[in-house]
Each structure stands twice: as structure tokens, then as C-alpha cells.
Amino acid sequence: MTIPAKQDTSSSLANIEITVRKPEFDFSDTPEQWLASIEASHFMHAIAVMVPVTEKLVIERLRATTDKISNPHLKVEITQVIKQEGIHARYHRAINTHLVGHGFIEIPLFERIQTALFKRLESVMPTSFVESIPAAMEHFTANISKAVLTDQAFWFGDKQTTDAARFLKWHAFEELEHQAVCFDLYKDLKHSSILFSLSLMLFWMPLSALSTYSIHTYFLVKSKKLKSISAWKKHLRFIRKTCPIFLSGAWKYSKKDYSPWTPNDKQLHQREGV
Ligand SMILES: [Fe+2]
Ligand SMILES: [Fe+2]
């Protein structure tokens with residue numbers, strides 16, 4: 001692809017090129033517990049339930065703002081993110097079909113509720129909020145990705161090489177790229193960083209934590225894994241360990257010198273490079 005006349009983006013300044021990759025994955029033999037613990041596996045199933053709807057929404061919002069972007073290089077990066085998200089969403093739909101086939105038949109209902117909620121938000125909220133949706137969604141997927149790629153022993157244990165595990169790592173790797181592109185877009189549209197931080201803290205953080213752990217609990221109950229006090233304690237310990245994924249990192253966007261590609265993120269990206 002030919003990149004138009006160069007104007008810097010956070011990713012170009014970090015020497016990171018957003019490209020479309022097409023690995024293949026087959027989830028047909030994936031067992032219920034495909035990560036180190038049943039809690040981790042059903043946590044990722046809860047995320048998987050929400051991802052097709054949020055990725056579709058991100059794609060729609062990115063397409064809706066393309067004409068307003070002033071930076072031509074950012075425009076190219078956004079086109080690449082849209083293509084990446086399209087591939088992610090296709091695999092996530094396959095995962096959800098697999099889960100429905102294994103008895104988790106309420107998944108389409110969760111998707112309908114989520115779609116209706118987002119439609120309502122888009123119709124009642126101001127433009128700056130609606131145009132912050134990609135950056136907000138990518139904040140959470142980047143946080144999940146960093147957690148997964150940083151502490152692989154906790155998430156994967158010895159289950160590192162199945163197609164489901166490889167898919168999670170690949171998806172996490174590409175999500176690291178989205179945070180920078182979508183925050184660049186938000187800034188290119190001249191919206192306030194402070195309002196973005198506040199919207200994360202007051203709205204998106206509680207909503208994302210509540211919805212994820214509710215669906216997470218649904219999966220554990222439905223698969224009969226919460227039948228004892230000790231199982232509930234284990235579940236609560238998992239929530240306590242993982243809740244910083246949803247409740248941290250909002251204020252950094254308001255700092256004057258904030259740059260999405262921190263040395264740590266760049267190192268993770270380099271290490272997981274595919
Ligand atoms: Fe994605
Ligand atoms: Fe993403």
C-alpha cells in the first residue's frame with residue numbers, strides 16, 4: 001500500500017506500521033477450559049460475547065468520521081484498523097456460534113441488549129461522546145491485551161499453543177495498535193482529553209466492569225462451576241485480580257505529554273510481533 005504524504009501519527013513516530021494480517025484459526029475442537037483456569041476461560045468467553053457488537057460499532061464510528069480527518073497518514077491507519085477489526089469480528093462470531101452450540105444459548109440475547117444500548121447512546125449523547133466511542137472501546141481492549149500478553153503464566157498456563165490461545169495472542173497484539181490510532185483520531189477531531197478521561201471514569205469503566213463480570217458469572221453458573229462456597233471465593237479472587245483491567249488508566253489521556261506508545265507497550269508489541 002502507498003502511504004500518502006507523511007504526517008506523523010503516534011504509531012509512525014513509534015515506527016509501528018499498521019498492517020493487515022490473515023492468520024488462520026480453527027476453534028472446532030476447543031474445550032470449555034482452554035486457558036489456565038476455568039475462570040480465565042469464561043472471562044474470555046464473556047469478552048467474546050461483547051466483541052462482535054463493539055467491533056462492529058468501532059468500524060461504523062471510524063467509517064462515519066473518515067471524511068473529517070485532517071491527517072492523511074492517520075486516514076490510512078484507520079482504514080487498516082477497520083480491516084483488522086473486520087477479521088477479528090469474523091473469528092469472534094465463529095467463537096460465539098461455537099459457544100451457542102455448547103449450550104450458552106443466551107448469547108444472542110446479550111448481543112441484542114448490547115446493540116440496543118449502543119443505539120440509544122448514539123442517539124442521545126453529544127457528538128464528542130459518540131466520536132469518542134472507538135477510543136473508549138480500544139482503551140479496554142488494549143488494557144485486556146496488555147494484561148494477557150504481560151502475565152501469560154496466569155492466563156495460559158501450559159495451554160499456549162492451541163488455535164484458541166494463538167488467536168487470543170494475535171488479537172491482543174493487534175489491539176495494542178488500535179489504542180494509538182483511535183486516540184489519535186479522537187485528538188484529530190479536536191475533542192477534549194479531559195472529557196474523554198471523565199467519560200471513561202464515570203461511565204465506561206463501571207459499565208464495562210459490570211457487564212463483563214455479569215456475563216462471566218453467567219458462564220460459570222451455566223456450566224455448573226459455581227456450586228460451592230470455595231468456587232465463589234475463587235471467582236471473587238479472580239475478579240479482584242483482574243478488575244484493574246477495567247478500572248485503571250483513564251487519567252493518562254489528560255496528561256499533556258501523553259503518548260499512546262509507552263516503552264512498555266512498544267516492547268510488548270515487538271516481542272509478540274507476528
Ligand atoms: Fe479487535
Ligand atoms: Fe480494536
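The values are calculated or read from the model by the stated rules, or taken from the named source; none is laboratory data. What you see is a predicted model; the values in this text were computed from it and never measured. When we count neighbours, we look across all protein chains shown, and the Cβ atoms used for this are built from the backbone with ideal geometry, even at glycine. For accessibility, only protein heavy atoms count, side chains too; no ligands or nucleic acids. Shrake-Rupley method; radii C 1.70, N 1.55, O 1.52, S 1.80 Å.
Among the residues that make up the range 253-263, is at least one of them assigned to a helix (DSSP H, G or I), over 19 Å from Glu138 (Cβ atoms) and of a type outside the set (A, V, I, L, M, F, W, C)? Within the range 253-263, one or more residues are assigned to a helix (DSSP H, G or I), over 19 Å from Glu138 (Cβ atoms) and of a type outside the set (A, V, I, L, M, F, W, C). Check Arg63, Arg90 and return the single one that is within 30 Å of Val221 (Cα to Cα), out of contact with any helix residue (DSSP H, G or I) (no Cβ under 6 Å at 6 or more places or on another chain), within 16 Å of ligand 1 (Cβ to nearest atom) and of a type outside the set (A, V, I, L, M). Answer to the selection: Arg90. Looking across the range 213-257, the residues that are of a type in the set (Phe, Trp, Tyr) and open to solvent by less than 30 Å² (accessible area, probe 1.4 Å) come down to Tyr213, Phe219, Phe238, Phe246, Tyr253. Within the range 18-68, the set of residues being of a type in the set (Phe, Trp, Tyr) and in a loop (DSSP other than H, G, I, E, B) comprises Phe25, Phe27, Trp34. The set of residues in the range 77-134 that are outside any helix (DSSP H, G or I), more than 16 Å from Leu62 (Cα to Cα) and in contact (Cβ under 8 Å) with a residue 24 or more places away in the chain comprises His102, Gly103, Phe104, Glu106.
Residues are listed down the side, and each one gets a yes or a no for (1) at negative phi; (2) surrounded by fewer than 17 Cβ atoms within 10 Å (Cβ to Cβ); (3) away from ligand 1 (no atom under 16 Å from the Cβ):
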position: Leu109; (1), (2), (3): yes, yes, yes
position: Ile113; (1), (2), (3): yes, yes, yes
position: Ser123; (1), (2), (3): yes, yes, yes
position: His139; (1), (2), (3): yes, no, no
position: Phe156; (1), (2), (3): yes, no, yes
position: Gln160; (1), (2), (3): yes, yes, yes
position: Glu174; (1), (2), (3): yes, no, no
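Of the helices (runs of 4 or more DSSP H) lying entirely inside the range 143-226, the ones with 2 or more residues being in contact (Cβ under 8 Å) with a residue 24 or more places away in the chain, under 14 Å from the mean Cα position of the chain (by Cα) and closer than 27 Å to His102 by Cβ are found at 163-188, 205-222.
If you go through the range 141-152 and pick out every residue that is under 15 Å from Glu272 (Cα atoms) and more than 11 Å from ligand 1 (Cβ to nearest atom), you end up with 7. Here Val81 fits the description: β-branched (Val, Ile, Thr) and surrounded by 19 or more Cβ atoms within 10 Å (Cβ to Cβ).
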